[in-house]
Each structure stands twice: as C-alpha cells, then as structure tokens.
1. Determine, from the Cβ-Cβ distance of residue 316 and residue 89 and an R0 of 41 Å, the FRET efficiency 1/(1 + (r/R0)^6), rounded to the nearest 0.05.
2. Rank 179, 114, 146 by how far each Cα sits towards the positive end of the charge dipole of the chain (+1 on Lys, Arg Cβ; -1 on Asp, Glu Cβ) and give me just the farthest.
3. Can you compute the charge dipole magnitude of the chain about its Cα centre, using +1 on each Lys and Arg Cβ and -1 on each Asp and Glu Cβ, nothing else charged? Give it in debye, rounded to the nearest 20.
4. Subtract the Cα-Cα distance of residue 171 and residue 258 from 0.36 nm times their separation in residues, and report this length gain in nm to one decimal.
5. Quick check: from the Cα gyration tensor, does the stretch 19-130 come out rounded (a/c under 1.5), prolate or oblate?
6. Restricting to Cα pairs below 8 Å that are 6+ residues apart, what does the relative contact order work out to for the chain? Please round to a whole percent.
7. Among the lysines in the chain, how many pairs, 8 or more places apart or on different chains, have alpha carbons under 26 Å apart?
8. If you take the square roots of the eigenvalues of the alpha-carbon gyration tensor of the stretch 171-318 and sort them as a ≥ b ≥ c, do you get rounded (a/c under 1.5), prolate (a/b over b/c) or oblate?
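The values are calculated or read from the model by the stated rules, or taken from the named source; none is laboratory data. The structure displayed is predicted, hence computed values, not measured ones. Backbone-built Cβ (ideal geometry, glycine too); neighbour counts: all protein chains shown. Calculation scope for accessible area: heavy atoms of the full protein, side chains included, ligands and nucleic acids excluded. Shrake-Rupley method; radii C 1.70, N 1.55, O 1.52, S 1.80 Å.
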Amino acid sequence: MKRLLGLAAALIMGCGVAQAGVLDTVRQRGALACGVNTGLSGFSAADSAGVWRGLDVDLCRAVAAAVLGDANKVRYVTLTDQVRFTALQSGEVDMLSRNTTMTFLRDATIGLRGVGVNFYDGQGFVVRKSANIGRSTELNGASVCLLQGSTHEMNVADWTRQNNLQVQVIAIDTPENLQRAFLSGRCDAATNDASALASMIASLPNPDEYMILPDLISKEPLGPMVRAGDDQWYQIVHWVLMGLIEAEEQGITAANVEQMARESQNPGVQRLLGRSGEFGKLLGGLNPDWMLQAIKQVGNYGESFERNVGPSSPLRLPRGLNALWNKGGLMYAWPFR
C-alpha cells in the first residue's frame with residue numbers, strides 16, 4: 001500500500017512539473033522551438049532571404065508573440081512525416097505546426113494532443129491534364145505516389161477497397177521527392193492533402209499542365225499538436241489559435257488592434273485584448289496584452305489565410321470550409337468568457 005501511495009504521489013508531482021514545463025522552458029530559452037514542414041509553400045517554407053512564411057508558421061509566430069512578446073523569437077525545426085511525432089515526443093520541439101491531420105489513433109495512442117484545426121482539408125489527386133482523367137475513380141490500374149508515414153496510405157487503401165479499384169502505391173519519403181517522382185513520370189498521379197497539391201502545382205514553371213481532381217477521398221482536419229500531460233501549454237497554444245479566429249470575427253486586425261483595445265466597449269473584445277478578465281494571468285502569468293501582441297505582430301486568422309494561401313496568393317485557395325462559421329465555413333472560436 002505504501003508503495004502504491006508513493007507511486008501515486010510521484011505521479012501527481014510529475015504532473016505538476018509537466019504542467020508548467022514547456023512554458024518555463026520556452027521562457028528560459030528565450031525562443032519557441034516550432035516543428036514545421038521541410039518546405040510547403042503557403043504553410044511553412046523559407047523564402048529566398050531565409051525568412052520562414054506560411055499559415056503554419058504564423059501560428060508559431062503568434063504563440064511566440066503571446067508568450068515572449070516577440071513573434072520573431074522562433075527557432076524553426078524542419079521535420080519530415082516520419083520524424084515529426086518523435087521530435088515532439090522527445091522534446092526537440094515545443095509544438096508541432098506542420099499540416100498534421102487530427103485522427104483518433106494519433107490523439108489516443110502516441111502521447112500527443114491535437115490543439116485545434118487551423119485548416120480544414122481533404123485528400124486529393126493531381127494528374128496531368130493530358131491524361132484526360134476527370135474523376136479519381138478513373139485511376140483504376142494507375143500508379144499513385146504518396147508520402148510514407150502519412151494518413152494518405154490508409155486513406156488510399158480504404159478508398160480502393162470501397163470502390164473496388166486497383167492502384168499501384170509508390171511510397172515516397174519527402175514532399176520534394178514526391179514531386180520529383182510525379183514529374184519524372186514514375187507515377188501516373190500523386191496524392192496528398194489538396195492544399196499541398198495546390199502548393200506543389202503553384203511552384204511549377206508550367207502549372208497549367210496539371211489539375212487536381214475535383215473529388216476528395218477523406219477528411220483532413222489539420223492543426224498543431226503538443227505533448228500530452230502539459231495542460232497549461234496546451235491551453236496557451238489552443239487559446240492563441242482561438243484568439244486569432246475570434247479576432248477575425250470581431251473585425252480586429254493587425255492595423256487596428258491597438259485602437260480597438262482603447263476604444264471598443266464590446267466585453268468580448270475587452271477580454272480578448274487584455275482590458276479585463278486577467279486571462280493572461282490564468283495561462284501561467286502571460287502579460288495582459290498576450291493576444292494583442294499576437295494579433296498586432298501576426299494578424300488575425302483571415303489575414304494570415306489571405307496572405308499565405310488565399311485567392312491573392314500563389315496558391316489561390318478559396319476560403320471554403322476555412323471561412324468563419326457565420327460566412328459558410330467551419331472556423332468557430334470558443335468564447336472568451
């Protein structure tokens with residue numbers, strides 16, 4: 001009995017340490033270690049000057065602004081599909097912001113927690129227009145390249161079984177090699193998240209020669225992940241994401257956030273921007289203006305979407321499911337109250 005009580009006490013003490021662990025580590029280091037894609041235009045990629053940009057990168061920057069007061073205090077760690085979870089589990093990175101699908105097994109079995117969805121997507125196929133293929137079911141007998149270690153392998157297996165199709169699956173280790181394999185003719189089609197396929201096509205010198213087939217074969221809710229057992233850090237990353245979405249709904253932008261903080265009489269805006277409620281204090285003693293800094297330095301969710309992947313960006317993606325809930329989409333922030 002004494003041994004069991006001692007074990008229980010140790011577990012409780014361990015949980016107490018874990019709850020403040022990542023926040024303390026980030027503060028002591030003075031920078032956020034954020035796991036990102038090795039290079040996915042629109043989501044996480046370094047430009048010609050070595051500056052990291054993208055929708056997922058913006059979330060890293062927003063968390064750094066909220067916790068450290070400076071969106072530039074981020075160390076980006078590039079991770080492939082195969083090593084991304086290990087890197088987070090081992091503590092190599094503080095959070096994963098890398099086009100990762102939330103699934104049951106990932107949530108229940110690998111010691112990680114999905115924080116929320118920052119992009120609703122689905123798995124699609126890209127083909128050459130010259131192949132005269134109009135639907136995914138016309139790929140029967142074709143060779144299909146996909147990323148090893150991704151959800152796409154199981155999705156393709158389920159899809160072929162459900163539709164009584166036969167395809168030759170070719171597993172590739174990185175997005176760069178996936179693109180090379182497809183362009184070289186090693187496979188008839190490539191499959192990935194539709195957003196990743198759009199990113200790939202946009203980077204090609206002859207994008208009009210390719211098309212993404214219109215039908216998707218899966219749901220791919222993409223979002224950041226953190227280690228399980230650290231409730232405080234989970235809450236910080238979760239509420240930064242919620243805050244960016246709420247800011248768009250409230251009409252708060254990078255340009256007007258300080259004016260809104262001074263003048264808005266909306267109680268929700270006052271709480272979001274630190275004028276009331278002491279919400280930052282409840283998240284491990286963050287400064288009262290934690291979300292104000294995130295919005296000021298990064299912009300709201302809509303600004304990030306438009307800048308990185310929206311119709312005016314090279315990817316030219318419509319808002320679709322990623323529009324706000326009151327504009328036909330699924331983006332819905334938990335209330336700040």
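1. Taking R0 as 41 Å, the efficiency between residue 316 and residue 89 is 0.70.
2. About the Cα centre, the residue reaching furthest to the positive side is 114.
3. Dipole about the Cα centre, nearest 20: 580 debye.
4. Answer, rounded to one decimal: 26.4 nm.
5. Values: a/c = 2.10, a/b = 1.30, b/c = 1.62.
It is oblate, given that a/c is not under 1.5 and a/b is not larger than b/c.
6. Normalised by residue count, the contact order of the chain is 22 percent.
7. Values: 73/281; 73/296; 129/219; 219/327; 281/296; 296/327.
For the chain, the number of qualifying lysine pairs is 6.
8. Prolate is the answer for the stretch 171-318, as a/c is 1.5 or above and a/b outweighs b/c.
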